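> I have a structure I would like to understand better, so I am pasting it below and will then ask my questions one at a time.
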Amino acid sequence: MGRRTLTCLALSALAILPAAATRSQEMTLQQLVDRMEAAAAELRGLRLRLDPAGGFVPPALLESDREGNVRLVPWSTSVVPVPSGREIILADGAWHFIDSQFYFAAADPGRRAEKLTPAACDRLDPAFIPSSMRPQGAFATESAYAPFLLLLSPRRMLAFERDLRLLGKRLFDGEECWVLRCEKDLGPPSGPQVKKFLVGVRDHRLRAATGYSFTVGQNTKWTARYDGAGLPSRVSLTGGLGWTWTAEWDLKSATREPGPARITAPDDLYATHARHPDLEDRLKAAPEDPGLLAGVALRSGRAEDWEKVVAKRPALTPLVNLISRYAKEVAGDKLAALARRLEEDPKALDAAVMEAARALNRLGEPDRALAVLKRYGPEAAAGVLEARSDAWALKGDAAKMVGEILPLILRKEKPRTWIWSQVPPASSKIDAQELLHRLGEALEAHSSCVALHLTRLYELARQERCAEYSEAARRFLALKPPADQVRV
């Protein structure tokens, strides 16, 4: 190689150095995060109903406040969508996950409430959903919404990542973008997780995110398209969990309303470090810590562990789980004693009282269930009226069974069309003819109530009274009910 060639190579190498220095001076990681946060502030303060096409990802309610706190409520994909019982709340610098239909094991229900701080996520992805089989969490359909939280609250979400770096720029979909990269080892069985985020140079809004994966080789890619200022007009997601699946959100047509003034996590006892392998060691260092005790109880699901937590703080989640354990173990005396304490405590949480009554009904103790619920009137929450109606069904009193559930049937915001709740008809002492008679009496007093007509129709169908059903259906159709009420 000649001297001239060496000189050219040296000059070329030197020419790269100022270019690299210029790029580093052009934007630092902290500056980019600050600008992403400023861009996100323009998108906040909305409540969005997101209905993806594709079928794999469920619809969800996404709301944010002006401070950057975000709440996600996934909905079920049933014919009539309802909240799935799960909530993800990014508030006050922490990730809160609530699952009111958590299962400690197969057919073993409970409630999960946990709190993850960025410092506790060295080997965890908070967007992964924990289960009895995968206590550290795994990619689930709700995880597909994590980039939406990054879009609305970048600083808070990026705090959960590790080894975050600004790599430079690249073109994406014809637009120049900054490239952010982060990596953490989630441990077995998930292994290393590498995420990349593409952020528009022009407006500092998120364009794409990759790496929300289940395991290595089964990746996801989230992309956003913008037609102008504000939220993306369309968001697409592709991924693979042994097969390829897609989801797409049309945000132009999404139902949107003003968001709440302030989003906070509900008052509860949130387990900490429940997903960490060193939980037992942490508990040895702080044996009285309620959050660590709740983490142990979440893992074990044992009544004695929840008793320790309730003794420290009788919050909703530990109370509900202790009641569930007692019902599972058919510990009627312990459940009755706990129910009495709730009955005598005027400050007892309504949800815990309601859960205790339901559990007593399941154990065949309707009198005790009614005693627990005696403080509530006909304007009480739906769960209270259902539990009280179930108790009268177990006692065989059709008049009081219908009388308890009737206010709920008449409520326009949540009409009922099925009179049975937790108690199966076969387990009750209700006389079928007497029940129809009481429903008929209620219908005479409220003849224009669509939901009450439907309630009686459902009961006639359950009892296979075809001739009476036909006549009742004609009376119902004569009301000419709106289509949306017929689908109740």
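> Out of everything in region 262-282 that is of a type outside the set (D, E, K, R) and not in a loop (DSSP other than H, G, I, E, B), what residue ends up being farthest from the chain's Cα centre (by Cα)? Full working, then the answer.
Initially, region 262-282 is screened for residues of a type outside the set (D, E, K, R), giving 263-266, 269-274, 276-277, 279.
Now restrict to residues that are not in a loop (DSSP other than H, G, I, E, B): 271, 279.
Numbers: ALA271: 16, LEU279: 24 Å.
That would be LEU279.
> Quick check on this structure: which one of LEU443, LEU436 is within 24 Å of CYS466 (Cα to Cα) and without any contact (Cβ under 8 Å) to a residue 24 or more places away in the chain? Lay out the reasoning, then the answer.
Values: LEU436 fails: without any contact (Cβ under 8 Å) to a residue 24 or more places away in the chain.
Going through LEU443, LEU436 in turn, the sole match is LEU443.
> Could you please find all residues in region 335-362 being farther than 20 Å from LYS308 by Cα, in contact with a helix residue (DSSP H, G or I) (Cβ under 9 Å, 6 or more places away or on another chain) and surrounded by fewer than 17 Cβ atoms within 10 Å (Cβ to Cβ)?
ASP350, the sole residue that qualifies.
> Let me ask something else. Would you please name the residue that is modelled with the lowest pLDDT, looking only at residues in region 163-221 that are outside any loop (DSSP other than H, G, I, E, B) and among the acidic types (Asp, Glu)? Even if it seems obvious, please write down each step before you answer.
Of the residues in region 163-221, the ones outside any loop (DSSP other than H, G, I, E, B) are 165-172, 175-185, 192-200, 206-210, 220-221.
Then keep just the ones that are among the acidic types (Asp, Glu); that gives 175-176, 183, 185.
Numbers: GLU175: 93, GLU176: 96, GLU183: 93, ASP185: 90.
Filtering region 163-221 for residues that are outside any loop (DSSP other than H, G, I, E, B) and among the acidic types (Asp, Glu), the one modelled with the lowest pLDDT comes out as ASP185.
For every residue, the table says whether it meets (1) surrounded by fewer than 21 Cβ atoms within 10 Å (Cβ to Cβ); (2) over 25 Å from ILE98 (Cβ atoms).
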| residue | (1), (2) |
| --- | --- |
| LYS221 | yes, yes |
| SER253 | yes, yes |
| PRO260 | yes, no |
| HIS273 | no, no |
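> Provide a single number: the residues in region 309-334 that are surrounded by fewer than 24 Cβ atoms within 10 Å (Cβ to Cβ) and over 25 Å from the mean Cα position of the chain (by Cα).
So the count comes out to 8.
The values are calculated or read from the model by the stated rules, or taken from the named source; none is laboratory data. Since the model is a prediction, treat every value here as computed from it, not as a measurement. Cβ atoms come from the backbone with ideal geometry, glycine included; neighbour counts cover every protein chain shown.
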